[in-house]
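Visitor: Quick one: the structure is below, questions incoming.
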């Protein structure tokens with residue numbers, strides 16, 4: 001009980017310190033306009049596109065990275081999925097470019113401040129028959145090398161890196177093999193993937209953490225999807241938003257749920273915000289089947305929704 005009280009007290013102090021430093025406090029996250037569809041499974045000739053995220057390259061091109069199987073059917077084994085790339089000049093219309101890595105799932109790609117190796121890829125891969133969470137580096141965002149094994153067990157979706165100074169914050173999700181319900185973890189890494197902090201299990205239960213994004217040099221926003229019940233079955237799709245400062249999370253008002261349609265199941269995409277024409281957007285997929293039947297004939301569409309950060 002004392003430990004819980006101390007965590008709560010430290011959280012209050014951290015939020016108070018942020019407010020007292022002269023900067024406006026972030027009080028909520030708004031979504032004032034309807035979503036915009038940007039692509040679908042049919043656009044890329046795939047039966048299932050999963051674990052996608054969008055970044056903008058230093059040259060201005062928008063890239064969508066995603067996992068999928070090679071043909072239009074549904075893969076019986078998730079490890080038949082590979083990493084694919086689509087590109088866009090404007091952020092809204094994407095053209096398939098092809099496969100860039102074999103046998104990779106639950107991954108995301110991000111840019112870091114590293115002049116020689118500006119791209120990082122994190123995801124699950126089978127190595128000698130064992131599930132491993134790995135980190136890759138790339139000079140061009142297409143050829144990923146320099147693989148480093150972070151953990152020799154499988155992590156759930158999503159695996160997200162957010163850079164703060166010369167460190168990477170790794171937000172990852174443990175599977176139900178490790179906890180009764182899915183939990184989100186946080187660890188700090190060097191840019192080369194060396195872990196420099198303990199792995200913290202964040203507060204919260206049944207978290208389907210699908211997006212994390214940087215607000216400033218101190219705070220991140222997490223958008224967990226409350227997608228599964230304690231039994232692992234799908235109930236309703238709803239979202240919450242947390243302001244994260246280290247292992248502490250403070251829930252913020254988030255009106256994203258008003259755009260969720262009854263016949264769609266949503267999953268937000270990592271690693272969070274993408275800026276298009278100076279506007280913040282959040283990427284997500286909508287599914288016309290439940291999570292439990294996602295490998296038996298669902299169709300996914302990929303959308304962007306404009307984000308407004310609310311301050312006081």
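The values are calculated or read from the model by the stated rules, or taken from the named source; none is laboratory data. All figures in this text were calculated on a predicted structure; none of them were measured in a lab. Cβ atoms come from the backbone with ideal geometry, glycine included; neighbour counts cover every protein chain shown.
Visitor: Looking at this structure, is residue 94 buried (at least 21 other Cβ atoms within 10 Å of the Cβ), free of Cβ contacts under 8 Å to residues at least 40 places away in the same chain and within 24 Å of residue 279 (Cα to Cα)? Write out each step before concluding.
Guide: Working: buried (at least 21 other Cβ atoms within 10 Å of the Cβ): yes; free of Cβ contacts under 8 Å to residues at least 40 places away in the same chain: no; within 24 Å of residue 279 (Cα to Cα): yes.
Criteria not met by residue 94.
Visitor: Limited to segment 122-142, what total is found for residues that are in a loop (DSSP other than H, G, I, E, B) and either surrounded by 22 or more Cβ atoms within 10 Å (Cβ to Cβ) or under 18 Å from the mean Cα position of the chain (by Cα) (or both)?
Guide: To start, the set of residues in segment 122-142 that are in a loop (DSSP other than H, G, I, E, B) comprises 128-129, 139-142.
If we keep only those that are either surrounded by 22 or more Cβ atoms within 10 Å (Cβ to Cβ) or under 18 Å from the mean Cα position of the chain (by Cα) (or both) too, we end up with 141.
Of the residues in segment 122-142, 1 are in a loop (DSSP other than H, G, I, E, B) and either surrounded by 22 or more Cβ atoms within 10 Å (Cβ to Cβ) or under 18 Å from the mean Cα position of the chain (by Cα) (or both).
Visitor: Condition first: modelled with pLDDT under 90 and either surrounded by 17 or more Cβ atoms within 10 Å (Cβ to Cβ) or not in a loop (DSSP other than H, G, I, E, B) (or both). Can you find one or more residues in segment 299-307 that meet it?
Guide: Yes, segment 299-307 has at least one match.
Visitor: Here is a follow-up. Looking at (1) buried (at least 23 other Cβ atoms within 10 Å of the Cβ); (2) on the phi < 0 side of the Ramachandran plot, find the lone condition where residue 106 falls short.
Guide: Residue 106 satisfies every listed condition except (2).
Visitor: Within segment 265-294, which residues are modelled with pLDDT under 80 and surrounded by fewer than 16 Cβ atoms within 10 Å (Cβ to Cβ)?
Guide: Within segment 265-294, 288, 290, 292, 293 qualify.
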